[in-house]
Amino acid sequence: MPWHRATISRTLPSLRSSYLLKVELTENVLTEEIAQLIAPEYLKRFLDMHHTRKIQLYDVLFEQLPQHAILAACGSSEHLALSRAWTLAAGSLIWHHPVPSLTEYNIRSVLTALHREVRCDDCKRMVLKRIDHIVAQWDNLKTTI
C-alpha cells in the first residue's frame, strides 16, 4: 500500500511524539522559531499531552493514602505523620524529578525511602501498594499525540 502525503503528515508526528516526552518545555528548548516550524495542530497536541501527563501524575501522587483501623501501635497520630511524610515525599519527587524526565525508577526510589521509615506493617503494605499503583498509572499514561 503506497503511503499518501496526508497519512504520513498525520502518522509521523504521532510516532515521534513519544521520543519528546523527556524534553522539558522551557523557552530555551521550545523557541519561537521552533514553534513556528511545527504545525500549530501538532504543537497544541504536544503541549496538551505534556500538560495532561503532569496533571494526571499530580492527581495520583497527591491522593490521600488509605488508612487502616486504629491499632494500639498505630493510631491517628501515626496516620497523620505518614500522610504528611507522603505529601513531602511526593513534593520532593516532583521538585527533583520534573515530569518530562520522571522514570519508574525515580518514583520507586523516592517513595520507597519513605516506606523504609514506616514502622507499622499494615502501613508498609499500604505504602507499597500505593507505589505500585502510581507506577502502573504512570506507565499507562498516553505517550503519543
Pair list, Cβ < 9 Å and 6+ apart or interchain, from the range 98-126 residues that are over 15 Å from Leu57 (Cβ atoms) to residues that are in a loop (DSSP other than H, G, I, E, B) and of a type in the set (Gly, Ala, Ser) = Arg119/Ala73; Cys120/Ala73; Asp122/Ala69
For residues that are closer than 19 Å to Met49 by Cβ and of a type in the set (Val, Ile, Thr), scanning just the range 84-106, find the one that is nearest to the chain's Cα centre (by Cα).
-> Val99
From the list Ser83, Ser77, which residue is modelled with pLDDT of 90 or more and surrounded by 12 or more Cβ atoms within 10 Å (Cβ to Cβ)?
-> Ser83
Out of the residues in the range 31-44 that are open to solvent by 90 Å² or more (accessible area, probe 1.4 Å) and under 25 Å from the mean Cα position of the chain (by Cα), state the one that is farthest from Val99 (Cα to Cα).
-> Glu41
Condition met for Ile94 (open to solvent by 40 Å² or more (accessible area, probe 1.4 Å) and of a type in the set (Val, Ile, Thr)) | no
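The values are calculated or read from the model by the stated rules, or taken from the named source; none is laboratory data. Given the structure is predicted, the values throughout are model-derived calculations rather than measurements. When we count neighbours, we look across all protein chains shown, and the Cβ atoms used for this are built from the backbone with ideal geometry, even at glycine. Side chains included, ligands, DNA and RNA excluded: accessible areas come from the protein's heavy atoms. Shrake-Rupley method; radii C 1.70, N 1.55, O 1.52, S 1.80 Å.
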